[in-house]
Amino acid sequence: MKSILDFARAHREAQPIVMVTAYDATMARIVAASEADAILVGDSAAMVVHGLPSTIHATLEMMVLHTAAVRRGAPEAVVVADMPFITFRRGIAEAVRAAGVLMQAGATAVKLEGVTGHEDVVSHLVGSGIPVMGHLGLTPQSVNQLGGYRLQGRSENDAAKLLAASLRLEELGAFALVLECVPAALAEQITRHRSVPIIGIGAGAATSGQILVLNDLLGLDASFRPKFSRRYRDGHGEILAALNEYARDVRTARFPARAEVLA
Ligand code: KIV
């Protein structure tokens, strides 16, 4: 993909949209060389990169550094940057400032969670030329209010609220929505009723695309295995094996070899 317009094109042509997170230049370079369509600099960086307990701990400074690094690694990619916790709830001026620095760091678009109570922010950002991706369902920045990382939209009432929120985001000009951890039937219903692409994570197979956290996809954390994710490689095992091979080579004087010694 070259721009956010390609989201609409892919959606029109019923081409599934493939997104993945990245947080640094090296991984962004690899993602850019892959068949994935776009990169999300997720606030999951707080957890998977910084080892913090939740995305609530992501700061704007952190997100700016990760966004800039990803942009340097993937100069041509569509890069969506998460607006961190509370930065879009302090009024329009603060939201515009936060989104502005993310865009100047290299984001193509910003993503923000929820819609109720910050409709004005979404429409102001869109009106200012900042593409906005919505995020509904399980919104991890609200984990304390949601009572944990759990499936959302299970009751009829909650499902109706999610459907209404997706319509609101579309009306406000969001170019796409992430829908996280909702029943597949509800995700299908929302996807059918919306004209913007719905990018699912833990939302079944009927959405317009999928997004995964890169570290989960690569199996980098042996202790974390969300049911809805898929481990395409045993990254933890592969990296551990490489490190142990290196340690053994040093201890048995097999590294460095003659060819690896500078003359
Ligand atoms: O922060 C993140 O990685 C995300 C994805 C899980 C959608 O928001």
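Classify the stretch 121-167 as rounded, prolate or oblate from the Cα gyration tensor: take a ≥ b ≥ c as the square roots of its eigenvalues, call it rounded if a/c is under 1.5, otherwise prolate when a/b beats b/c and oblate if not.
Verdict is oblate for the stretch 121-167.
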Distant-in-sequence amide H partners of residue 219 (H built 1.01 Å from N, under 5 Å): 232, 233, 235
query: In the stretch 73-167, which GluC sites (Glu not before Pro) are in a loop and have at most 12 other Cβ atoms within 10 Å, using DSSP for the loop call?
result: 76
- prompt: Taking a spot 7 Å from the Cα of residue 255 along the direction of its beta carbon, which residues of the stretch 220-245 have an amide N less than 17 Å from it?
  reply: 236-245
message: Counting only Cα atoms, I'd like the Rg/Rh figure for the stretch 18-152, Kirkwood definition for Rh.
response: 0.95
- prompt: Cross-link partners among lysines for residue 161, C-alpha distance below 29 Å, same-chain residues fewer than 8 apart left out?
  reply: 111, 227
statement: Under 5 Å from the placed amide H of residue 200, counting only residues 5+ away or on other chains, we find 179, 208, 209, 210, 211
task: Give, as ranges by residue number, the residues of the stretch 1-29 whose backbone N falls under 14 Å from the point 7 Å along Cα→Cβ of residue 238.
output: 27
query: How much of the accessible area of the stretch 18-68, probe 1.4 Å, is carbon plus sulfur, in whole percent?
result: 64 percent
- prompt: For the stretch 162-263, what relative contact order do you get, as a whole percent, if you take Cα pairs closer than 8 Å and at least 6 residues apart?
  reply: 16 percent
statement: Answer in debye to the nearest 20: the dipole magnitude of the chain about its Cα centre, from +1 Lys/Arg and -1 Asp/Glu charges placed on Cβ, is 320 debye
query: Helix 60-73 sits at what angle to the longest principal axis of the chain, using alpha carbons and giving 0 to 90 degrees rounded to 10?
result: 60 degrees
task: Work out from phi, with θ = phi - 60° and the Karplus expression 6.51 cos²θ - 1.76 cosθ + 1.60, the ³J(HN,Hα) of each residue of the stretch 145-162, listed in order in whole Hz, and give x for Gly and Pro.
output: 7, 7, x, x, 8, 9, 4, 10, x, 7, 7, 4, 5, 5, 5, 5, 5, 5
field: Mean accessible surface per residue for the stretch 124-263, computed with a 1.4 Å probe while every protein chain stays in place, in Å²
entry: 58 Å²
Vicinal HN-Hα couplings computed from phi for the stretch 103-110 (Karplus, 6.51 cos²θ - 1.76 cosθ + 1.60; Hz; Gly/Pro x): 5, 5, 6, x, 5, 8, 7, 10
query: Dividing the convex hull volume of the alpha carbon atoms of the chain by its residue count, what do you get in Å³ per residue?
result: 144 Å³
message: Give me the percent relative contact order of the chain, please, defined on Cα pairs under 8 angstrom at least 6 residues apart.
response: 15 percent
query: Between residue 41 and residues 5 or more places away or on another chain, which pairs have amide H atoms under 5 Å apart, with H built 1.01 Å from N, and which residues are they?
result: 22, 80, 81, 82
- request: Enumerate the calculated ³J(HN,Hα) couplings along the stretch 2-13 in order (Karplus 6.51 cos²θ - 1.76 cosθ + 1.60, θ = phi - 60°), each rounded to whole Hz, writing x wherever the residue is Gly or Pro.
  value: 9, 8, 5, 5, 5, 5, 5, 4, 4, 5, 4, 8
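The values are calculated or read from the model by the stated rules, or taken from the named source; none is laboratory data. Quantities reported herein were computed from a predicted structural model and do not represent experimental measurements. As a convention, Cβ positions derive from the backbone with ideal geometry for all residues, glycine included, and neighbour counts pool all protein chains shown. Accessible surface is based on the protein model in full, side chains and every heavy atom, while ligands, DNA and RNA are left aside. Shrake-Rupley method; radii C 1.70, N 1.55, O 1.52, S 1.80 Å.
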